[in-house]
Amino acid sequence: MLAKQYEITLPADYDLDVIRRRIEVGAPLLDDRPGLGFKAWLLRERGTDGSPVNQYAPLYVWRSDGEAGRFLVGGGGFENIVRDFGRPAVHHWTVLAHFSGPARADVPAPSAATRRLTAVPVGQDPATPAAHVDREVERLRELARHPGVHTAVLALDPSRWELLRFVLWGSAPQDDPAAAVFGVPHLSAPELSALPEGRVW
């Protein structure tokens, strides 16, 4: 499984209703997309939840590497972003763990998301990354028991040795000063229920 995210940072006076309308039009096209676990259509608004910027920054979790590739370069939809905003860098991570939370059954449409990026420490012991990741998986498992959690994902970018902890919330997110907070105008989740539960290796 792959997690992918691109960030479109917008001018301070940008009318975010333009993006909200874009989401209304585009979301149905991905609501039944094969190979897509979910796409969280994410927005940050300058001055809200500590955000310094206006930003459109959707995050995807793909079950199929091939479908992820088709989306990016095979005419599967990314060309619309390139046409309207230019070609952004697409960050990607290998998914290490996924947990469903209590809010998934009660609140099918999450209202907020948090993204926390942290470095995997370098140690003399070759087992250091594995031990660190094991701890992070267990922390995520514990967090996913919080009644407000809809979905929680841990993923790794080995080019930067960086962990992504991404959490969808059915209610106000738990306070985490190290995390960026996003609104979630829509969640496309065609294969969310098929994502493996827990650690995925």
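The values are calculated or read from the model by the stated rules, or taken from the named source; none is laboratory data. Predicted model, so just to flag it, every value in this text is computed and none were measured. Because the Cβ atoms are built from the backbone with ideal geometry, glycine has one as well, and the counts that use them run over all protein chains shown. Note: areas computed on protein heavy atoms with side chains; ligands, DNA, RNA excluded. Shrake-Rupley method; radii C 1.70, N 1.55, O 1.52, S 1.80 Å.
When the dipole is taken about the Cα centre of the chain, and only Lys, Arg (+1) and Asp, Glu (-1) are charged at their Cβ, what size is it in debye, to the nearest 20?
160 debye
If you place +1 on the Cβ of every Lys and Arg, -1 on the Cβ of every Asp and Glu, and leave all else neutral, what size is the dipole of the range 39-86 about its Cα centre, to the nearest 20 Debye?
I would put it at about 20 debye.
In the full protein assembly as shown, how much of H146 is accessible to a 1.4 Å probe, in Å² to the nearest 10?
Around 60 Å² of this residue is reachable by solvent.
Can you give the Rg to Rh ratio for the range 19-111, taking only C-alpha atoms and Rh from Kirkwood?
Rg/Rh for the range 19-111 comes to 0.96.
What ³J(HN,Hα) values, in whole Hz, does the Karplus curve 6.51 cos²θ - 1.76 cosθ + 1.60 give for the range 92-102 when θ = phi - 60°, with x put for Gly and Pro?
9, 9, 7, 6, 9, 7, 9, 10, 8, x, x
Got a number for carbon plus sulfur as a percent of the chain's accessible area, 1.4 Å probe?
In the chain, the share of accessible area belonging to carbon and sulfur is 52 percent.
Note down the accessible area of E79, probe 1.4 Å, to the nearest 10 Å².
80 Å²
Cβ under 15 Å from Y14's Cβ, Y14 left aside: what net charge do those residues give with Lys, Arg +1 and Asp, Glu -1? Walk me through the numbers on the way to the answer.
On the way: positive: R20, R21, R22, R44, R46; negative: E7, D13, D15, D17, E45, D84.
Result for the local shell: -1.
Going by alpha carbons, how many degrees (0 to 90, nearest 10) lie between the helix axis of 128-143 and the longest principal axis of the chain?
Once rounded, one gets 60 degrees.
Let me check something: with ligands and nucleic acids excluded, how do R44, R199 order by accessible area (1.4 Å probe), largest to smallest?
R199, R44
Counting only the heavy atoms of the protein chains, how much of V73 is accessible to a 1.4 Å probe, in Å² to the nearest 10?
Approximately 130 Å² of V73 is accessible to the 1.4 Å probe.
Enter the Cα centre distance for the pair the range 84-152 and the range 15-38, rounded to the nearest angstrom.
Using only Cα atoms to place each centre, the spacing works out to 22 Å.
Which ³J(HN,Hα) values, rounded to whole Hz and listed in residue order, are derived for the range 57-64 from phi using the Karplus coefficients 6.51, -1.76 and 1.60 in 6.51 cos²θ - 1.76 cosθ + 1.60 with θ = phi - 60°, glycine and proline given as x?
8, x, 10, 10, 10, 9, 7, 10
Evaluate the charge dipole of the range 87-201 about its Cα centre and quote only its size in Debye, nearest 20, assuming +1 on the Cβ of each Lys and Arg and -1 on the Cβ of each Asp and Glu.
180 debye
What are the semi-axes of the equivalent ellipsoid for the range 95-141, taken as the square roots of 5 times the Cα gyration tensor eigenvalues, largest first, in whole Å? Write down the numbers at each step before the final one.
Working: eigenvalues 176, 28, 8 Å².
Those come to 30, 12, 6 Å.
Go through the range 152-157 residue by residue and turn each phi into a ³J(HN,Hα) via Karplus (6.51, -1.76, 1.60, θ = phi - 60°); whole Hz please, and just put x for glycine and proline.
Once rounded to whole Hz, the list reads 9, 9, 10, 8, 10, 9.
Per residue, how much accessible surface does the chain expose to a 1.4 Å probe? Answer in Å², no decimals. Walk me through the numbers before you get to the answer.
On the way: 9690 Å² over 201 residues.
Per-residue accessible area for the chain comes out at 48 Å².
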